[in-house]
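Following: one structure in structure tokens, then a few remarks.
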Amino acid sequence: MIFTLVSIELYKIFKKWRTYIGFLAFGIFIPILIYGVSVSGNHYQRILQRNIGDQFLIVGNLVNGWYVAFITIQAMIIHIPFFITLVGGDLFAGEGSAGTYRMLLTRPLKRELIVVSKFIAGFIYTFIFVLFFALISTLPSIYFLGVGDLIVPLEKIVVIPSKEILTRFLLAYFSSFISMCVVLSLAGLFSSLVNNAIGPIVGTMAVIVIFLIIGELPFEFFERIAPFLFTKYMTVWLDAFDYPIDWTKIFNSLLILLGHIVLFFAITIFYFRKKDILT
Amino acid sequence: MKKTFLLILILINVLFSQDKNAQRIVENIKANFDLINDYIVEIKGKVDFPDAVIPELKAKIFFKKPDKFKVESDNFMIIPKQSIRFSPEILYEKDFSTLIIGEVDIDKVKHFIVKLISNNPEVEEVVTIWVNSKNYTIRKMNVIGSRVGKVEIDFYYKLIDEKYWLPEKMVAIFEASRIRFPRIRKIEKEQKDNSDLYGEGKITIEYFNYVVNKGIDDKIFEDKKKSVK
Amino acid sequence: MEVVLETKNLSKKFKKITAVDNLSLCVYRGDVFGFLGPNGAGKSTTIRMLTSLIYPDEGEIFIFNKKLSPSSKSVLKKVGAIVESPDFYLYLTAYKNLEILARLYGFTPTKNQIMEILDFVGLANRWNSKVKTFSHGMKQRLGIAQALLHNPELIILDEPTTGLDPQGMKEIRELVISLSKDKGKTIFISSHLLHEVELIANRMIIINKGQKVVEGYVKDLLDKDKAQYVFQVSNIDEAKNVLVSMNLIPGEDFRINQNEITISTKKVSATDLNKTFVQKGIDVFAFYPRRTLEEYFLEITHGQK
């Protein structure tokens, strides 16, 4: 039955226009971003040349497809939650506002099963979206700019050998997927509480933005709070580009994120199990 | 008066002869390297930089007289310019002054310490080299300038094909603060301790499998792929 | 008689408001069971409890002798329902809506089955239209289709004629009668329109303020009041005396309301009574049979206010 429910939920998700907003936005914008970075991409190499070119030779293709893909991820990843909440916020509330709860919940199905199927469908959507993001952020740039070592010019300059890059990207995208599942779960939870999708969408984004701001504030009080905010662990994808990989840190972050997914899911089940459907 | 004139003459002679000696050393270094028409060598490079993690990387250097070279690598790498001709750039300029400033024994071999100063006012780097008195290879090099800070390079040689003294290892030490890698905007809140940046950076290059004077097709240097020329 | 649906002391509160209060009812196989009450009486709350959209604070629901609870809803397989106005996934076609909603019963309908049911409710020609293009009446008929597709034994219809024009109401009534007579379904139908229930139901319950007012066979309830007539007369006191002299008991056999007398007995026929009033010099301005059930309903529910 769960397979049927999930397939129905997926069918509903992918029959809605809003589901494609993210695909459309990224499908249009990311190629433009890639093109922009590509045509001015040697900018980084030029600066590096200017900075150290007197004494050093720079060997290898620094601004390659992987580099552009990395720049794309770090520029766009912050926007993915919005597209996830568009769908996550509608999972339950959409049924409420459309009145279809009255159809769905009068069936001989335990509500827990409905929650599970909606979450699974949401996770599948999230997976497909992250996969789409992964493909669109890497394939065109690799096709046009080729491969090579990846320079990660963040707090620390890390150069990742080309043979390791694919693994790193896969790890990064997997970590992003888990992070986005937290976003979806939170949106799903909020969605189960109300009967209009606007609230969960805005609410989820508000929580993420507020948590991100709190996590960034350089005051002791907020610094003490920061480790308890799930948003702190959503940058786990960046750890995939550390050298060497700090597996313990990644594992802990993923565990905390998974914990949040379970928590949000459990609260949804607890609440939704006996929710009075009055719409 | 006679004595004074004699003293001046001696001093001029000393200075002139010293300059002549320094010139001779430089000529010997060049002559030594002139034996090399071309070479191909595999290198293994390691960059130790306090603010960067750059794994050990491999490359291949192609060199052909007078100044054609190509570094072929799938990997990203930064290598000192001196890694190609194992000598400072200034040595191949026309207008520079030389001055022997001393001698020192390194590994029980006498080395001349020679200062090379460009006569071009725009070049402000001062280069000092330690030249092996037996085979006229540059054992050590020191570059000081306001842009580059201080760079110290050590070469360790081995006799290739029983004829050519070529380095098997090069160690360059530089001021970390002079190597400014551009950054993209900060993502993580975590602030890094930048104090390490005031330390030293080190690039070690090991040379393997020299192929010397076997001829290299010029086309090799035209292929820009994966290379820096 | 087999009990198909039974509630025992069902109660539901929303904060401090008691929507359903200690409600017990019983529906037998083959019944068309009218569930009556004015707006706000607690009908929809009860139906939502019967279909597990909300759960009672107290009391129990048994469907086909199985208790309905959050952890035990399998008995709903035998139930088809429309709760209030049927809403669908507007972005899907009628066909796809039916297919999805049937699969939620664990039943995958064939195309023929779906087309057959769409034909039954008169929507076969619109099978491939998105529901967002449907009128209210079409959605209502599609609602009935989704309630029937899995061939349930008990059909719960919550005010199925609301918002429909007279023709639409007639069609739904005919559909219900057909379901009962031709297909042998048990039907639980709520309405605030008495004449509707009068036309189609065999048994009924009237609730008000969440409480049961009366429950029984429509025929019995109608029989009880069958001989009800209203007389409008010139002298109400004289008329009362006449009735008392004929051994009719005030309050039981007749009731007086301003200048009207409502007769509720078979002891005397309306024609005879008319003659007697005229003979006694009492002018009869009008006399007519009462819309029995409707009056009865209003009387009861208003009486409770």
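The values are calculated or read from the model by the stated rules, or taken from the named source; none is laboratory data. Here the structure is a predicted model, which is why all the values come from computation and not from measurement. A quick note on method: Cβ atoms are made from the backbone with ideal geometry, for glycine too, and the neighbour counts reach across all protein chains shown.
Quick check, is C:LEU157 modelled with pLDDT of 85 or more and part of a strand (DSSP E or B)? Judged against the criteria, C:LEU157 is a match.
Would you confirm whether or not segment C:265-273 contains a residue that is closer than 16 Å to C:PHE33 by Cβ, surrounded by fewer than 20 Cβ atoms within 10 Å (Cβ to Cβ) and out of contact with any helix residue (DSSP H, G or I) (no Cβ under 9 Å at 6 or more places or on another chain)? Scanning segment C:265-273 turns up no residue that is closer than 16 Å to C:PHE33 by Cβ, surrounded by fewer than 20 Cβ atoms within 10 Å (Cβ to Cβ) and out of contact with any helix residue (DSSP H, G or I) (no Cβ under 9 Å at 6 or more places or on another chain). Counting the residues of segment C:66-81 that are closer than 23 Å to C:ARG29 by Cβ and within 8 Å of another protein chain (Cβ to nearest Cβ) gives 7.
Residue check: A:LEU145 meets all listed conditions (1) modelled with pLDDT under 90; (2) within 12 Å of another protein chain (Cβ to nearest Cβ); (3) crowded, with 19+ Cβ neighbours inside 10 Å but one, namely (2). Among the residues of segment B:136-149, the ones that are modelled with pLDDT under 85 and either surrounded by 12 or more Cβ atoms within 10 Å (Cβ to Cβ) or not basic (Lys, Arg) (or both) come to 4 in all.
Residue-by-condition table, conditions (1) part of a loop (DSSP other than H, G, I, E, B); (2) surrounded by 17 or more Cβ atoms within 10 Å (Cβ to Cβ); (3) not assigned by TED's automatic domain parsing to the domain that holds C:VAL213:
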position	(1), (2), (3)
C:THR7	no, yes, no
C:PRO38	yes, yes, no
C:ILE54	yes, yes, no
C:LEU90	yes, no, no
C:ILE100	no, yes, no
C:PHE107	yes, no, no
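Quick grid of which residues meet (1) more than 14 Å from chain B (Cβ to nearest Cβ); (2) surrounded by fewer than 20 Cβ atoms within 10 Å (Cβ to Cβ):
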site	(1), (2)
A:MET1	yes, yes
A:ALA25	yes, yes
A:ILE30	yes, no
A:VAL37	no, no
A:GLN49	no, yes
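Of the residues making up segment C:133-152, those that are modelled with pLDDT under 90, on the phi < 0 side of the Ramachandran plot and surrounded by fewer than 18 Cβ atoms within 10 Å (Cβ to Cβ) are C:SER135, C:HIS136. Against the list (1) among the hydroxyl-bearing types (Ser, Thr, Tyr); (2) touching an Asp or Glu at 6+ places or on another chain (Cβ under 9 Å); (3) part of a helix (DSSP H, G or I), the condition C:TYR95 fails is (2).
Could you please give the count of residues in segment C:116-154 that are outside any strand (DSSP E or B), in contact with a strand residue (DSSP E or B) (Cβ under 7 Å, 6 or more places away or on another chain) and closer than 25 Å to C:PHE64 by Cβ? Matching residues across segment C:116-154 total 7.
Set side by side, the residues A:THR106, A:THR138, A:THR72 differ, and just one is among the β-branched types (Val, Ile, Thr) and not in a helix (DSSP H, G or I), which is A:THR106. For segment A:65-87, a tally of residues being within 9 Å of chain B (Cβ to nearest Cβ) and among the polar types (S, T, N, Q) returns 1.
For segment B:105-124, the criterion of a residue being of a type in the set (Asp, Glu), more than 14 Å from every other protein chain (Cβ to nearest Cβ) and farther than 21 Å from B:VAL148 by Cα is satisfied by at least one position. When restricted to residues that are away from every other protein chain (no Cβ under 14 Å) and either under 22 Å from A:ILE21 (Cβ atoms) or surrounded by 20 or more Cβ atoms within 10 Å (Cβ to Cβ) (or both), segment A:94-142 contains 22.
Considering only residues of segment A:74-93 that are surrounded by 24 or more Cβ atoms within 10 Å (Cβ to Cβ) and β-branched (Val, Ile, Thr), which is nearest to A:LEU154 (Cα to Cα)? Applying the filter and picking the extreme gives A:ILE84. Summed over segment A:148-164, the residues that are facing chain B (nearest Cβ under 7 Å) and among the β-branched types (Val, Ile, Thr) give a count of 4. Among the residues of segment A:83-112, count how many are under 14 Å from C:LEU53 (Cα atoms) and among the hydroxyl-bearing types (Ser, Thr, Tyr). Count: 3. Per the listing C:VAL131, C:VAL121, the residue uniquely closer than 20 Å to A:MET103 by Cα and within 14 Å of chain A (Cβ to nearest Cβ) is C:VAL131. Every residue in segment A:78-112 that is among the charged types (D, E, K, R) and under 21 Å from the mean Cα position of the chain (by Cα), please. Once the filter is applied, which keeps residues that are among the charged types (D, E, K, R) and under 21 Å from the mean Cα position of the chain (by Cα), segment A:78-112 yields only A:ASP90.
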